[in-house]
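A short write-up of the structure that comes next.
The values are calculated or read from the model by the stated rules, or taken from the named source; none is laboratory data. All values reported here derive from a predicted model rather than from experimental measurement. Positions of Cβ are backbone-derived with ideal geometry, glycine not excepted, and every protein chain shown enters the neighbour counts.
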Amino acid sequence: MKLVKTLFVCMCCSLLLMNTQCDEDDDFQVSSCGQPVIIDNAFFETAESSDYVLVDSSITNDCLTVEISASGCDGESWSMVLVDSGNVAESSPEQRYLKFVFTNNEACLAVFSQVREFNLSTLRVDGSTEVVLNIEGFPEPLLYSY
C-alpha cells in the first residue's frame with residue numbers, strides 16, 4: 001500500500017513538472033505563405049530568366065505576392081523562384097538584392113497571368129525591423145517590415 005501511495009505522489013509530481021514547462025516557443029509564429037526565398041550567391045549570379053511582365057506586387061506580413069504575365073499555352077508548366085544574392089548592404093535600413101528566375105518552355109502566343117507567393121522571413125536582418133528589397137526588373141524597391 002505504501003508503494004502505491006509513493007508511486008501516486010511521484011506521478012502527480014511528474015505531471016506538475018511537465019505542466020510548468022516553458023511556453024516560449026508558443027509565441028513563435030511560422031509563416032506558411034508560398035515558397036521560401038533561395039539565398040545563394042552563385043545561383044543569383046548565373047541564373048537566367050525567361051521573359052515575363054510584372055503586373056502587380058505587394059507585401060503582407062512575411063508574404064511577397066506577385067502577379068506576372070507571359071506568353072504560353074496555359075501556364076501550367078511555368079516555374080518561378082526568388083533568389084537572394086546573400087549580400088546585405090549596410091545602410092539604414094539594410095538592403096538586399098534579389099531576382100526572379102522564371103522558366104517558361106511553352107511555345108504558344110496566348111498571354112496568361114499567374115499569382116505567386118514567396119515567404120520573405122529568411123531575409124530578415126538581425127537587429128533590424130525592416131529591409132529594402134531591390135528586386136531586379138522591379139520599377140522601385142520594396143520595403144519589407146517585420
Neighbours by Cβ (under 9 Å, 6+ apart or cross-chain): first from the range 49-66, farther than 20 Å from SER79 by Cβ and of a type in the set (A, V, I, L, M); second at pLDDT 95 or above and surrounded by fewer than 16 Cβ atoms within 10 Å (Cβ to Cβ):
ILE59/THR65; ILE59/LEU143; ILE59/SER145
Would you mind stating whether SER69 is over 19 Å from CYS33 (Cβ atoms), at pLDDT below 95 and polar (S, T, N, Q)?
no
Across the range 90-124, which residue is modelled with the highest pLDDT among those that are among the hydrophobic types (A, V, I, L, M, F, W, C) and farther than 20 Å from THR65 by Cα?
ALA110
The residue that is nearest to THR46 (Cα to Cα), considering only those in the range 85-109 that are of a type in the set (Gly, Ala, Ser) and surrounded by 14 or more Cβ atoms within 10 Å (Cβ to Cβ), is SER85
Taking the range 99-140 and keeping only residues that are assigned to a strand (DSSP E or B) and of a type in the set (Gly, Ala, Ser), one is left with ALA110, SER113
Are any residues in the range 50-84 over 20 Å from the mean Cα position of the chain (by Cα), surrounded by 14 or more Cβ atoms within 10 Å (Cβ to Cβ) and not in a loop (DSSP other than H, G, I, E, B), and if so, which ones?
SER69, ALA70, SER71, GLY72
Given (1) in contact (Cβ under 8 Å) with a residue 24 or more places away in the chain; (2) over 15 Å from the mean Cα position of the chain (by Cα); (3) surrounded by fewer than 16 Cβ atoms within 10 Å (Cβ to Cβ); (4) more than 15 Å from ASN87 (Cα to Cα), index of the condition GLY127 fails
(1)
